[in-house]
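The values are calculated or read from the model by the stated rules, or taken from the named source; none is laboratory data. If you're wondering where the values come from, they're calculated on a predicted model, not measured in any experiment. Cβ: placed from backbone, ideal geometry, glycine included. Neighbour counts: every protein chain shown. Ligands, DNA and RNA are stripped out before the accessible areas are found, and what is left, the full protein with its side chains, is counted by its heavy atoms. Shrake-Rupley method; radii C 1.70, N 1.55, O 1.52, S 1.80 Å.
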Amino acid sequence: MTIKLVVGGLTLNIISAYAPQVGLDEETKRCFWEDLDEVVVSIPLTEKLFIGGDFNGHIGSVSAGYDEVHGGFGFGCRNSGGASLLDFTKAFGLRVANSSFPKKKEHLVTFRSSRAATQIDFWLLRKDDKSSVRTTRSYQVRILRPNINY
């Protein structure tokens, strides 16, 4: 989903993305990245771009090889989905905003289950717009299911 807002003389493009899960086939993942490529290419460089989403990948806690896009403040270990996200970010001159600020572990984790805690939700923005963001923080939403007797 893309939303374009014009505020004063500034045009903001906000994209909400949801990447395919780890267990899905490579063709599905390739299609997702190609579709996102098309959307990003269509946005003029003169306009602001913010991409937020569940990228179903782990960028890891260290930048190793991605210094220009990863700020060095991530969580966990990088996996192939995280590498795809960082490659995409690098190709389009973006930066992972979440990795640019030191945070407590509980503020980095965006998904928690009984078996794992992970960071899979990220904000991407153009490198030139880094000063537009002062901090990021994730909020975990827990849904409680009511006990309903039928």
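Structure notes:
- Qualifying residue in the range 16-32 (condition: modelled with pLDDT of 90 or more, part of a strand (DSSP E or B) and open to solvent by 40 Å² or more (accessible area, probe 1.4 Å)): yes
- Selection status of Phe50, touching a Phe, Trp or Tyr at 6+ places or on another chain (Cβ under 9 Å), open to solvent by 30 Å² or more (accessible area, probe 1.4 Å) and either outside any loop (DSSP other than H, G, I, E, B) or closer than 27 Å to Leu5 by Cα (or both): yes
- Yes/no for Thr11 being over 17 Å from the mean Cα position of the chain (by Cα), of a type outside the set (A, V, I, L, M), part of a strand (DSSP E or B) and modelled with pLDDT of 90 or more: yes
- Matching residues in the range 1-15 - criterion: being in contact with an Asp or Glu (Cβ under 9 Å, 6 or more places away or on another chain) and open to solvent by less than 50 Å² (accessible area, probe 1.4 Å): Thr11, Leu12, Asn13
- Test: residue in the range 114-131 that is at pLDDT below 70 and open to solvent by 60 Å² or more (accessible area, probe 1.4 Å): yes
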